[in-house]
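Undergrad: Can you read through this structure? Questions will come right after.
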Amino acid sequence: MAAALTIRRGTRRDVPTILALIRGLADYERLLHECVATAAGIRRDGFGRPRYFETLICRRARRPVGFALYFFTYSTFLARPTLYLEDLFVLPSERGRGAGVALLRALARIAMRRRCGRMEWAVLDWNRPAMKFYRALGAGFRKEWVLTRLTGAPLARLAGRATGPGPPRARRSSRPRTPRAAGSRRRPRRRAPARARRSPASPRSPRRS
């Protein structure tokens, strides 16, 4: 008989475990080359002041088998907070044994206690097993929304903290300009006599500004 699962909040002592699980998730999602998280960063942002995220760690017989990392945003349409699930990861050897459901159930209870109107998270479009799992829980997929991200140099440039090239300037017309001979003057336009009458059959021309 398999040992029972336990779930508790992450603490400062769990930073090495949290980092290892983050790297495990990045490896599974084929994004390990983008993972630059460090223990110092996790300790500062997860257990310092201000605190940017919270964690739950799932264990079986004291062995970490999964975790969830989450924080709170706000829904202006619902006028209620939203629990946003940034990371949910279960070791491959533990999938299908209840750890994922246990973590999501614990998160749902937190969301209800905090008066959240919803839980949200993202899933990679190729991760069909995860989609099937979430759909079975009653989750919906909002395919009409496009994830928009600003990072690195573009973020710094927008904040005015970079000396790189700014936004592209409007292109000038490619029509060649006819050069004027030096000293030449424009010929004044001829104006119609002030009392010139229009033919009743001709349309009115637009007024010049």
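Please treat every number below as a calculation from the coordinates, not as lab data. Since we're looking at a predicted model, the values are computed, not measured. Heads up, the Cβs are rebuilt from the backbone with ideal geometry, glycines too, and the neighbour counts pull from every protein chain shown.
Undergrad: If I ask for residues that are touching a residue at least 12 places away in the same chain (Cβ under 8 Å) and farther than 14 Å from Arg23 by Cα, which ones from the range 35-50 would you list? Give the steps one after another, and end with the answer.
TA: Narrowing the range 35-50 to residues touching a residue at least 12 places away in the same chain (Cβ under 8 Å): 35, 37-39, 42-43, 46-47.
Matches in the range 35-50: Arg43, Gly46, Phe47.
Undergrad: A further question on this structure: Quickly run through the range 1-27 and pick out the residues that are within 23 Å of Arg62 (Cα to Cα) and either free of Cβ contacts under 8 Å to residues at least 24 places away in the same chain or under 24 Å from the mean Cα position of the chain (by Cα) (or both). Show your work before the answer.
TA: Restricting attention to the range 1-27, the residues satisfying the condition of being within 23 Å of Arg62 (Cα to Cα) are 1-25.
Within the range 1-27, Met1, Arg13, Pro16, Ile18, Leu19, Ala20, Leu21, Ile22, Arg23, Gly24, Leu25 qualify.
Undergrad: Please work out which one of (1) touching a Cys at 6+ places or on another chain (Cβ under 9 Å); (2) farther than 19 Å from Leu78 by Cα is the condition Ile110 fails and give its number.
TA: Every listed condition holds for Ile110 apart from (2).
Undergrad: Test each condition in (1) in contact with a Pro (Cβ under 6 Å, 6 or more places away or on another chain); (2) touching a residue at least 24 places away in the same chain (Cβ under 8 Å) for Glu86 and report the one that comes out false.
TA: (1)
Undergrad: Could you check the range 52-94 and list, in sequence order, the residues that are farther than 18 Å from Gly24 by Cα, touching a helix residue (DSSP H, G or I) at 6+ places or on another chain (Cβ under 7 Å) and surrounded by fewer than 20 Cβ atoms within 10 Å (Cβ to Cβ)?
TA: Result: Tyr52, Phe53.
Undergrad: Continuing with the same structure: Please report, ordered by residue number, the strands (runs of 3 or more DSSP E) entirely within the range 53-141 with at least 3 residues that are more than 18 Å from Thr6 (Cα to Cα). Please lay out each step first, then the result.
TA: On the way: elements: 54-60, 63-75, 80-90, 118-120.
The strands (runs of 3 or more DSSP E) meeting that bar are 63-75, 80-90, 118-120.
Undergrad: Answer yes or no: is there a residue in the range 57-67 that is aromatic (Phe, Trp, Tyr) and touching a residue at least 40 places away in the same chain (Cβ under 8 Å).
TA: First, pick out the residues of the range 57-67 that are aromatic (Phe, Trp, Tyr): 67.
Still in the list and also touching a residue at least 40 places away in the same chain (Cβ under 8 Å): 67.
Scanning the range 57-67 turns up at least one residue that is aromatic (Phe, Trp, Tyr) and touching a residue at least 40 places away in the same chain (Cβ under 8 Å).
Undergrad: Okay, next question. Restricting to the range 100-121, what's the tally of residues that are surrounded by 12 or more Cβ atoms within 10 Å (Cβ to Cβ) and more than 21 Å from Val65 (Cα to Cα)?
TA: As a first pass, look at the range 100-121 and keep what is surrounded by 12 or more Cβ atoms within 10 Å (Cβ to Cβ): 100-108, 110-111, 114, 116-121.
Cutting the leftovers down to more than 21 Å from Val65 (Cα to Cα) gives us 111, 114, 116-120.
So the count comes out to 7.
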